[in-house]
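This report refers to the structure that appears directly beneath it.
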Amino acid sequence: MKRQWWCALAAAGMVMVTACGGDRAPADETATSQPAGSATSASGPVSPDAGGKIILVEMETDAAGVNKFEPANFEAKRGDVIRFTLISGVHNAHFLPDSNPGKAGLPAAGPLLQLPHQTYDVKVTWQPGQYYYQCDPHALLGMTGRVTVQ
Ligand SMILES: [Cu+2]
């Protein structure tokens with residue numbers, strides 16, 4: 001009797017419903033449907049310049065254990081914002097100076113993101129050219145990418 005009362009109270013409060021054998025929460029929410037405003041940002045959200053856009057780049061460890069950026073290679077214009085968004089695994093984005101000789105204005109290494117939907121924004125302020133980035137823990141496993149700035 002006491003347990004049933006507790007479960008009813010918990011269910012009414014929408015907390016710990018699963019403890020009473022109720023419906024489970026969806027195991028895999030659609031990561032990309034998350035509104036940008038509700039995501040936690042490791043960098044603080046950055047806005048693109050007028051006329052610029054936000055370029056979403058997902059970071060994930062897929063079901064086969066492959067670590068990747070998606071898309072890995074893309075184009076950007078000055079004033080755009082690249083929004084690295086964690087889907088699964090633990091990743092960062094780093095425009096390594098050694099990979100970008102002679103390039104100015106590279107951001108510091110991005111933080112390791114660990115929570116799904118966490119984001120890291122990078123403003124594109126660079127001269128035209130190719131900019132290479134990597135995930136530090138997985139660079140040797142091929143988790144790298146390239147931004148072509150027009
Ligand atoms: Cu990674």
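The values are calculated or read from the model by the stated rules, or taken from the named source; none is laboratory data. All values derive from a computational prediction rather than experimental measurement. Backbone-built Cβ (ideal geometry, glycine too); neighbour counts: all protein chains shown.
Quick one: in the stretch 137-150, of everything that is part of a loop (DSSP other than H, G, I, E, B) and at pLDDT 95 or above, which residue is nearest to the ligand (Cβ to nearest atom)?
Looking at the filtered set, the residue picked out is 143.
Only one residue in 130, 150, 118 is free of Cβ contacts under 8 Å to residues at least 40 places away in the same chain and either farther than 13 Å from residue 69 by Cα or of a type in the set (Ser, Thr, Tyr) (or both). Which one?
Numbers: 150 fails: free of Cβ contacts under 8 Å to residues at least 40 places away in the same chain; 118 fails: free of Cβ contacts under 8 Å to residues at least 40 places away in the same chain.
Result: 130 is the single residue among 130, 150, 118 that is free of Cβ contacts under 8 Å to residues at least 40 places away in the same chain and either farther than 13 Å from residue 69 by Cα or of a type in the set (Ser, Thr, Tyr) (or both).
I'm told residue 117 meets every condition in (1) buried (at least 17 other Cβ atoms within 10 Å of the Cβ); (2) more than 10 Å from the ligand (Cβ to nearest atom); (3) not in a loop (DSSP other than H, G, I, E, B) except one. Can you identify the failing condition by its number?
(3)
I need a count of the residues in the stretch 123-136 that are within 16 Å of the ligand (Cβ to nearest atom) and hydrophobic (A, V, I, L, M, F, W, C).
Matching residues across the stretch 123-136 total 1.
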